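A short reminder: the numbers here are calculations on the coordinates, not readings from a lab. Predicted model only: the values in this text are computed from it and were never measured. So basically every Cβ, Gly included, is an ideal-geometry build from the backbone, and we count neighbours across all protein chains shown.
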Amino acid sequence: MASVASLSASLQQRVSAALAAAVPSAVDADPLLRRSDRADFQANGVLGLAKRQKTNPQALAAEVVAALPAGGGADDTIAAVEVSGPGFLNITVSDAAITRNLAARAADDRLGVPLSEHPGTTVVDYAQPNVAKEMHVGHLRSSVIGDAIVRILEFGGEQVVRRHHIGDWGTQFGMLVQYLIEHPHQLDHSEDEGEAGEASMSRLDRLYKASGALFKSDEEFKERARRRVVDLQAGDPRTVALWQRFVDESKIYFDSVYSKLDIQIRDEDIVGESGYNDMLVETCDLLEKSGVAVWSNGALCVFFDDIKGKDGEPVPLIVRKTDGGFGYAATDLSAIRNRTGDLHADTLLYVVDVRQSLHFRMVFETARRAGWLTEQVTARHLPFGTLLGKDGKPFKTRSGESVKLEDLLDEAVQRATAVVREKGEKIGLTDEEITANGTQVGIGAVKYADLSTSLGRDYVFDLDRMVSLNGDTSVYIQYAYARTRSIFRKAGQEQRAAAHPELALEPAERALGLHLDAFGDTLAEVAEVYEPHRLASYLFQLASLFTTFYEQCPVLTAGGGQDQVENRLFLCDLTARTLRQGLTLLGIRTPERL
Ligand code: ARG
């Protein structure tokens, strides 16, 4: 494992040193280097420095250029530097430096991407469906985004603890368990119910509806259901055993949806709301004793100066309700105590709908006051927006119900399979291959549409667009990958090709090469800000640059002889590996033939 500094990082260093050589007091001046259309890179740092020094920027730029190793010599990274405009430096790197850097990446299994220097422990709270309830599109976003963030952080060397904070506790379970006691065979399995996941869900749904109806219409049942909640929270064995049946039944259903989604959920990472039940009393006691929470109208509340309702009255966080019950907030506060105190996390992430923003703001602030979140711990809600229908309104079925996640996935796979079939038949794919690829393309399309949108934004769920071969889609990227594989098959060569740094590069090769070199920097940035859409856009750009390269630079029939064929094969191979690694981090598969 050898990490590789990007050309951008090497230049950054060289320009910094040159700035410091020109102005000795400027050791920490930022060269403000970025990729540019005019040359390969542009550094704008001279301007600010000249201003600070009260000197002429163009003259200072000339001094910096003189201090830069350029145009040959032992350090041949920089091919040329030009001063432009008021004092910008336009820097062109040498073709040899590009190819050498890429060769170093290709020699490393991690493509030269470094591990984080100071890895910490991050708890990611994501994929948190609710027991006995259907999963809907909101759970899609949390799962897809959370899974990508977990993968990206782990790839960077972070210690990640996954937490699926499922909704498995609360008053509705009193009602459900009581109903099951009174109608004991309602969760029994019968022979002819079809797929396990769907069957589980329909049993649960039936029970949920029937018990809900009774709860509304029958006061006495309501009372029995209430008492049942108390039994549950007190740990009465029979009640707990029945409750467990709901959880187990739901897990069968969750499993079936997650396996469709191609997301792995491990049982030990499912720590639902019930997992914190034993801490609730203590959490409230601690809040009360420290004065962080106070009793108000019979409820234990935390108040905030800056959080008020429309009527101007303060909106409190309620940790214990008037009936003595504990709510969502008490559980989340207890979870924080567990995650910082027992799991020793230094970062807590919550991939949850934007509509819960106020909840998390209040919970974090409360935990800070209580000392459970110290300055050493970062807690962040990563809020995501709503999935919209084509009419621009929250995505619903025609009859106005929320869309079942499974239906949506099935449709995506169906549509993608049709797209894959059209091309696949031409290249002689078997029916089995078409089905397998259709699944990978369809699920990839759903994930990519989600991940390529910046987190907080709403987006329209438009399957036509999502499985389109043109445009910013995963299918487009998957095709680019498959194309690289087909080139290798044609070359009759599976093993890697050698790089030839002595060869001059075409513009399309340089553009592709410089982008490949930026993979590690992109990942570092994505992991820093938790924004998977930056990785999505990097990969889309990579696929586009590869397409241009493929159109402009013949690979197997390159005119420059065998070395050039090899060097181009080498570029194809590194592109393939980068695309595959990148898509894998987004949870998206790469079919070999499309
Ligand atoms: N189960 C909740 C829902 O479906 C999301 C849980 C989010 N996580 C948390 N720690 N509160 O809305």
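General remarks:
- The SER468 and ARG489 beta-carbon pair, evaluated with R₀ = 35 Å, returns a calculated FRET efficiency of approximately 0.85.
- Reach of LYS404 by Cα under 13 Å, taken over aspartates and glutamates that are not fewer than 8 positions away in the same chain: GLU134, GLU198, ASP205
- Taking only the C-alpha atoms of the range 194-293, Rg followed by Dmax gives 17.5, 55 Å.
- Inverse of mean 1/r across different Cα pairs in the chain, Kirkwood, Å: 27.5 Å
- Given LYS216/LYS321; LYS251/LYS321; LYS396/LYS423, the pairs whose alpha carbons are separated by over 27 Å: LYS251/LYS321; LYS396/LYS423
- Peptides 426-433, 88-95, 7-14, 110-117 ordered by average Cβ neighbours within 10 Å, highest first: 88-95, 7-14, 110-117, 426-433
- Kirkwood analysis of the Cα pair distances in the range 535-594 returns a hydrodynamic radius of 12.5 Å.
- When the convex hull of its Cα atoms is projected in every direction, mean area for the range 468-594 (nm²): 7.7 nm²
- Largest-first ellipsoid semi-axes for the range 425-473, taking √(5λ) over the Cα gyration tensor eigenvalues, angstrom: 26, 11, 8
- Taken over the range 132-220, the convex hull of the Cα atoms encloses 135 Å³ per residue.
- Sparse-neighbour loop sites [trypsin sites (Lys or Arg not before Pro); the range 294-374; at most 10 other C-beta within 10 Å; DSSP]: LYS310
- Estimated D of the range 454-511 in µm² per second, where Rh is the Kirkwood radius over Cα pairs and Stokes-Einstein applies at 25 °C, 0.890 mPa s: 163 µm²/s
- The stretch between GLU592 and GLU313 holds 94.4 nm of extra length on full extension. This uses 0.36 nm per residue minus the Cα-Cα distance.
- Fraction in percent of alpha-carbon pairs per bin - 5 Å, the range 15-143: 2, 9, 14, 14, 12, 10, 8, 7, 6, 6, 5, 4, 2, 1, 0
- Were the residues from ARG226 through LYS289 laid out at 0.36 nm apart, the gain over their Cα-Cα distance would be 19.8 nm.
- Spacing of the modelled spin labels on ASP236 and THR92, each 7 Å from Cα toward Cβ, amounts to 8.3 nm.
- Overall dimensions of the range 251-403 as given by Cα atoms, namely Rg and Dmax in Å: 18.1, 52
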